[in-house]
């Protein structure tokens with residue numbers, strides 16, 4: 001991983017100095033140099049060049065740099081999944097290594113449809129493989145009746161049957177984490193910084209888990225009652241909504257877009273129709 005990102009920085013410097021940013025001309029410019037100097041495989045060299053070219057597609061104003069432990073892309077030529085043995089054969093600087101991987105039953109099932117590249121990621125002292133998988137979608141059924149979902153801050157979601165998914169637990173966790181972060185930041189000691197690093201991302205993961213649980217329940221309920229799902233069209237709500245200063249943090253922590261995306265993709269898997277509706281006046285008709 002460190003070598004791959006060193007190669008990326010080397011290629012980025014040559015791309016910047018020569019003003020060559022396209023993938024094909026950049027590969028012609030740096031390919032032989034990085035093969036000879038760093039001793040990486042041919043396919044890895046091509047993938048790293050593409051990583052640099054993609055970075056310059058987003059920004060040509062400054063030179064692009066890559067972290068020593070930044071993610072590294074693998075394709076099926078340099079990484080092979082062995083699902084029956086729960087191992088991966090992965091290219092390294094010391095040649096191919098066969099390494100066991102750990103995954104839940106659901107993730108292992110998804111890997112049956114693995115397609116395309118896989119990213120090797122180092123996070124919090126552990127290595128992860130992130131891969132795209134094809135999932136078969138059921139035909140969408142057009143429904144006459146819909147389960148309406150009202151999303152909010154006090155209650156994450158309330159459906160048109162009157163079932164409430166309260167935000168109290170999530171808001172309590174967020175309040176506790178905000179207060180703890182504030183106190184630790186005020187101390188400024190090494191121990192407090194270690195504690196802050198350990199806390200990093202836990203609040204987000206908790207909220208994501210709650211959204212997964214709620215979205216799964218909503219889609220299953222709509223499927224079981226032979227209904228579609230109607231969601232409020234809330235694009236731009238943070239810009240339109242006004243809130244007092246003490247409420248702004250709570251408003252901007254509201255992950256309604258994530259909940260909506262979870263509902264939409266789970267509904268596709270189960271063949272449940274999802275449509276967006278104008279949120280105006282929905283509170284007058286929805287219990």
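Laboratory data are not the source of any read-out in this text; all were calculated from the coordinates shown. A quick note: this is a predicted structure, and the numbers were derived from the prediction, not measured. FYI the Cβ positions are ideal-geometry reconstructions off the backbone, even for glycines, and counts take in every protein chain you see.
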* **Mean Cα-pair separation over length for the chain, i.e. relative contact order, pairs under 8 Å, 6 or more apart, %** => 15 percent
* Asked: Going by alpha carbons, how many degrees (0 to 90, nearest 10) lie between the helix axis of 190-199 and the longest principal axis of the chain?
  -> 70 degrees
* Calculate, for residue 130 and residue 261, the FRET efficiency according to 1/(1 + (r/R0)^6) with r their C-beta to C-beta distance and R0 25 Å; round to the nearest 0.05. => 0.90
* In degrees, nearest ten, helix 2-18 long axis to first principal axis of the chain (Cα) -> 80 degrees
* To do: Quote the FRET efficiency, to the nearest 0.05, computed for residue 82 versus residue 102 with a Förster distance R0 of 22 Å and r equal to the Cβ-Cβ distance.
  => 0.95
* **Paramagnetic reach from residue 75 in segment 37-53 [backbone N under 11 Å; point 7 Å along Cα→Cβ]** => 43-48, 50
* Asked: At 222 nm, what helix-only mean residue ellipticity would the chain give, in deg cm²/dmol to the nearest 500, using -39500 (n - 2.57) for each DSSP H run of four or more?
  -> -15500 deg cm²/dmol
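How high is the FRET efficiency from residue 117 to residue 206, r the C-beta distance, R0 35 Å, rounded to 0.05? Display every interim value, and only then the final one.
On the way: r = 30 Å, r/R0 = 0.85.
Between residue 117 and residue 206 the formula returns 0.75.
Nearest 5 percent is fine: what portion of the DSSP beta bridges confined to the chain is antiparallel? Mind showing how you got there, number by number?
Details: 27 of 36 bridges.
The answer is about 75 percent antiparallel.
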* Asked: To the nearest 10 degrees, how steep is helix 23-38 against the longest Cα principal axis of the chain, on a 0 to 90 scale?
  -> 60 degrees
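Taking Cα pairs under 8 Å and at least six residues apart, what relative contact order does segment 1-101 come out at, in percent? Let's see the in-between values first.
Working: 114 pairs, mean separation 29.6, N = 101.
Reported relative contact order: 29 percent.
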